[in-house]
Every structure is written in C-alpha cells, then in structure tokens.
Amino acid sequence: MQKRRNFIGTSLSLLTAWILKPALGEAKPFVDVKIVDSPLVLSTWKFGLKANEEAWKTLADNGRSLDAVEQGVRLVEADPNERSVGYGGRPDRDGKVTLDACIMDENANIGSVAGLEHIMHAVSVARAVMEKTPHVMFVGDGALQFALEQGFKKQNLLTKESEKEWKEWLKTAQYKPVVNIENHDTIGMIALDAKGNLSGACTTSGMAFKMHGRVGDSPIIGAGLFVDNEVGAVTATGHGEEIIRVVGAHLVVELMRAGKKPSDACKQAVVQIKRKLELRNKNPRDVQIGFIAINKQGQYGAFALQQGFNFAVKSKTETRLVEANYLL
Ligand code: ASP
C-alpha cells in the first residue's frame, strides 16, 4: 500500500512536471509556478545557483530551512571572487569592507548585523544575535565586539582585487552605482523546508564605495528580508535606500497575505517604488530593484524594476536561473 502510494505520488509529480514543462521553457516564462514537492529554495542573482546547491544539502535531508539558508549564503560570503558579499566584497569610500546581514526563521525570530568589519560570516553573527542575545540588531564596533566574544575569527576582508578597484575609484571618487553592473548585489535566500516551514537570510557588503556608516536594506528586517510562516518569505536586492523607503520585503509579504500571488505582490511593490522615485523627481532608470518571494503553498515569484535581474530556483523538479520580469 505504502509502495503504491509512493508510486502514485511520484507519477503525479512527474505528470505535473510534464504539464509545467512548456511553460518553464518559454523565453519569458516567469509566472508563479506551483511546486508540488517541497522543499524549495530561491536565491537572488547567479551566485544563487551555487548557494542553492549548498542549501539543498540541508533541505534534501529533511533539514530546517533556517539551517539551509545560513549554509547557502555562507558559501558566497567565503568566496573572494564574489565582490559584493563577505570576504572580497568591495569596500566603502574609506577602504573599509563593512558587511550587512540578517536572518529570520519560521517563528519570527530575527537577528541582524550592520556595518560589521573583519568577520567573514556576517550571517552567522546575525544568527548568534538572534539565538544568544535578548536583542535583534547589532551595529559597527558593538557587532564586532559581540562576534569576537562568540569566537568568530577576525580577519582582513579586503582582497588585493577589491583594494585595486577602490584605488582606481579614488581617482574620480564619484558615487554613482550603475544599474546591473555588479558593483553591489546581495545574496538573499528564502526557503521552504520539507516540514513546510519558511526562513530567509541575506548578506552583502552593500553598495561599493558607499559612505562609511551607510546601511542598506539588507540587514533591516522588513526591508531586505521578511518571513511570515503563515504567509510567505521575501527578500530584496538593488538600491537599498529605495527598498527601505517602502519597507519592501514586508510590503510584499502583506500583499501576499491580502491574496496576491508572489509575482504580483513583487510587482506591486516595484510599482510603488517607482512612484516614490517619480515623486522625488528621480529617474527610475537609474535604479534597480529585485524582489523574490515564496508563499506558504510553495508558489514562487519575482519582479524587478528593470531588465537584468535574475534569480536561482531549486526544488526536486527544477534547478535553474530565471530572468525576472520587469517594469521598465
Ligand atoms: N541592497 C543592497 C544594498 O543596498 C545592494 C544590492 O543588493 O544590490 O546595500
């Protein structure tokens, strides 16, 4: 009987995958896709592909989504070739690599660090804030002091390549982030585990050559990341100042709570950001924003302000990089 049930389950999954196949193969495929099988993991940008593989080790083993997202983004934090996250991240205008990260679980536990220097795995420090303190957010020197007390290793995060680029930048010293040129980019990851629980994490070195002390959306729960285990999980990337202005990730979760599908919810938040830019006489074409979202049913979606934002998906039935739909 058990075997027969497994067989029927597998056949249904294969059938559903077959039915979905044409939709998934289109050039602009992205509508909400119903995943029949959890687990599921989504990450921002191309580096999300390898981060998802890392997270999958935990998810495929019936592990907790919280562990999966932490392990997944740690991989990118440790990679010196990824120049917008963790070790090797581009510095601020004073040549300091300062990291922003946060994490949130299915029980609304949250932890966050901003402006953290000298510690590679900012996301794990954020998790320690969540699990080992009565607080939710540590910044700057206090965050570093806490990390050292927790046994994190102090190290130089500025690689030769990033230092060289910074010295080059100093010749003009103009802060003008270019859309879709990878001088920023956060790894944001959201996951639904086999038990149906949602978690998320994000980590970044922020906008390259930002003013020292600048904090983006990524460590701000509600802006760069938000999880409500009854509704869905959302993370953001792009110009953090604009995401904070509308409390982006929380906005998308609330739109899903009101009944919107993940991609429609992401789109509405992007529309709202564009409106706020116009209100302030800013050109939306100078800005990029991307949201990714999963709802409790395992549907996922994304939307960007401009062309060029992609995200990585992994489930039992698909492993791929998807070009998000966009507004402009
Ligand atoms: N959102 C990040 C920040 O503003 C950068 C990015 O994801 O592109 O710091």
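The values are calculated or read from the model by the stated rules, or taken from the named source; none is laboratory data. None of the values given here were measured: they were computed from a predicted structure. For neighbour counting, all protein chains shown are included, and Cβ atoms are generated from backbone atoms with ideal geometry for every residue, glycine included.
Couple of notes before you dig in:
- Looking only at region 241-268, and only at residues there that are within 14 Å of the ligand (Cβ to nearest atom) and of a type in the set (Val, Ile, Thr), the one that is farthest from the chain's Cα centre (by Cα): Val246
- The residues of region 59-107 that are of a type in the set (Gly, Ala, Ser) and assigned to a strand (DSSP E or B) amount to a single one, Ala101.
- Of the residues making up region 194-214, those that are more than 12 Å from the ligand (Cβ to nearest atom) and of a type in the set (S, T, N, Q) number 2.
- A residue that is of a type in the set (S, T, N, Q), modelled with pLDDT of 95 or more, more than 16 Å from the ligand (Cβ to nearest atom) and part of a helix (DSSP H, G or I) cannot be found anywhere in region 156-164.
- Test: residue in region 190-202 that is in contact with a Phe, Trp or Tyr (Cβ under 6 Å, 6 or more places away or on another chain) and surrounded by 24 or more Cβ atoms within 10 Å (Cβ to Cβ): no
- Filter pass, Ile221 being in contact with a strand residue (DSSP E or B) (Cβ under 8 Å, 6 or more places away or on another chain), over 13 Å from Ala293 (Cα atoms), touching a residue at least 12 places away in the same chain (Cβ under 8 Å) and away from the ligand (no atom under 13 Å from the Cβ): yes
- Residue in region 102-111 that is among the acidic types (Asp, Glu), touching a Pro at 6+ places or on another chain (Cβ under 7 Å), under 21 Å from Val73 (Cβ atoms) and in contact (Cβ under 8 Å) with a residue 24 or more places away in the chain present: no
- Test: residue in region 284-301 that is touching a helix residue (DSSP H, G or I) at 6+ places or on another chain (Cβ under 8 Å) and among the hydroxyl-bearing types (Ser, Thr, Tyr): yes
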